[in-house]
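Read-outs throughout are calculated quantities, based only on the coordinates presented, and are distinct from any laboratory measurement. Remember, predicted model here, so these are calculated numbers, not experimental data. Note that each Cβ is placed from the backbone with ideal geometry, even for glycine, and that neighbours are counted across all protein chains shown.
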Amino acid sequence: MNSNYNPDKNQQQTERFQPPVHHQKPVNQQQPVHQNSNMIQDVSIYSHSYKIHGGKSALDVRATEKLRKSEENVIDKDGNKNLFHTIQLECAPKNDGQTRSYNWKRKVVLQLTDQELPLFICVCLGSLKKISFGNHGVGEEKNCKYFSLENQGIKLFMQAGNNSEKNKINLPIPINMPNAVHMGIIALEQYSKNFPSLSSDTVLKQVHYIGNVYCSFNHQEIKDKIPVN
């Protein structure tokens, strides 16, 4: 036996040279693995626009929200603004020449009101013949912008324009039935958002009811003002 053996000294050396312990985070605390940027990481669904290209003009139907100026700072009991979900119509003239391109810098923009939207759906889906409204525009162009939509059986015909001296323009847009139905469904989807407790089927029935009532009283065409008799 080695007479120089000192157990206390060897124990101190062992403790002194213990390998360092690497502290790792528990599995549930480790940094998340970054997924491929092409993978969907947000389940939010964004409404799309729908473009219709005609021989002289093009139409872009967009989902949007409308807030009355008088209600700009008004919120409900849940802290939400009193928004009305509607659609916006953007119409642009075709550029000169043979190219199928359009001048969107000269577009006419119209946002449908809460009374115009269900009537717009009626025309698109066949329960009303024609609507015409010329009360659009703000500022110097107030009441200068207009649109009309007519159901002609196998197609729809729309006109939109601006009567102001500075930006005078009239844009005719023929719309085939598949496009008309697509346009009507987008409008119905937006209109239904204003009644979250109702199904879209229920909302559609009420929209058709509006059209049927007007037709039964010989109001197949509505211009500017909503009929009251």
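Between Y102 and residues 5 or more places away or on another chain, which pairs have amide H atoms under 5 Å apart, with H built 1.01 Å from N, and which residues are they?
When sequence neighbours closer than 5 places are left aside, the close amide H contacts are N95.
How large is the Kirkwood hydrodynamic radius of region 152-226, counting all unique pairs of alpha carbons, in Å? Write out the running numbers ahead of the final one.
Details: mean 1/r = 0.0669 Å⁻¹.
Answer for region 152-226: a Kirkwood hydrodynamic radius of 15.0 Å.
Which ³J(HN,Hα) values, rounded to whole Hz and listed in residue order, are derived for region 121-127 from phi using the Karplus coefficients 6.51, -1.76 and 1.60 in 6.51 cos²θ - 1.76 cosθ + 1.60 with θ = phi - 60°, glycine and proline given as x?
Those phi angles translate into 4, 4, 5, 4, 9, x, 9 Hz.
Output ³J(HN,Hα) for region 128-143: one whole-Hz value per residue in order, computed from phi by the Karplus curve 6.51 cos²θ - 1.76 cosθ + 1.60 with θ = phi - 60°, and x for Gly and Pro.
Coupling constants for region 128-143: 8, 7, 8, 10, 9, 9, x, 10, 9, x, 10, x, 5, 9, 4, 6 Hz.
Which cross-chain or sequence-distant (5 or more) residues have an amide H under 5 Å from the amide H of S57, H modelled 1.01 Å from N in plane?
Sorted by chain and number, the residues that satisfy this are K94.
For region 50-223, evaluate the Debye formula with one uniform point scatterer on each Cα (no solvent term) and list log10 I(q)/I(0) at q = 0.14, 0.16, 0.19 Å⁻¹, rounded to two decimals.
-0.78, -1.00, -1.31
For V213, V109, which order do you get if you count the other beta carbons within 10 Å of each Cβ and list the fewest first? If you can, show how the numbers build up before the last one.
Values: V213 12, V109 16.
By the 10 Å Cβ count, ascending: V213, V109.
Going by average Cβ neighbours within 10 Å, how do the peptides 169-175, 84-90, 218-224 rank, with the highest at the top?
Numbers: 169-175: 18.7, 84-90: 20.7, 218-224: 13.9.
Answer by packing, highest mean first, reads 84-90, 169-175, 218-224.
Based on the Cβ-Cβ distance of E165 and V213, what FRET efficiency does E = 1/(1 + (r/R0)^6) give at R0 = 41 Å, to the nearest 0.05?
Values: r = 39 Å, r/R0 = 0.96.
The computed FRET efficiency comes out at 0.55.
Could you list which residues have their amide H under 5 Å from that of L112, counting only those 5 or more apart in sequence or on another chain, with H placed in the peptide plane?
I87, L89
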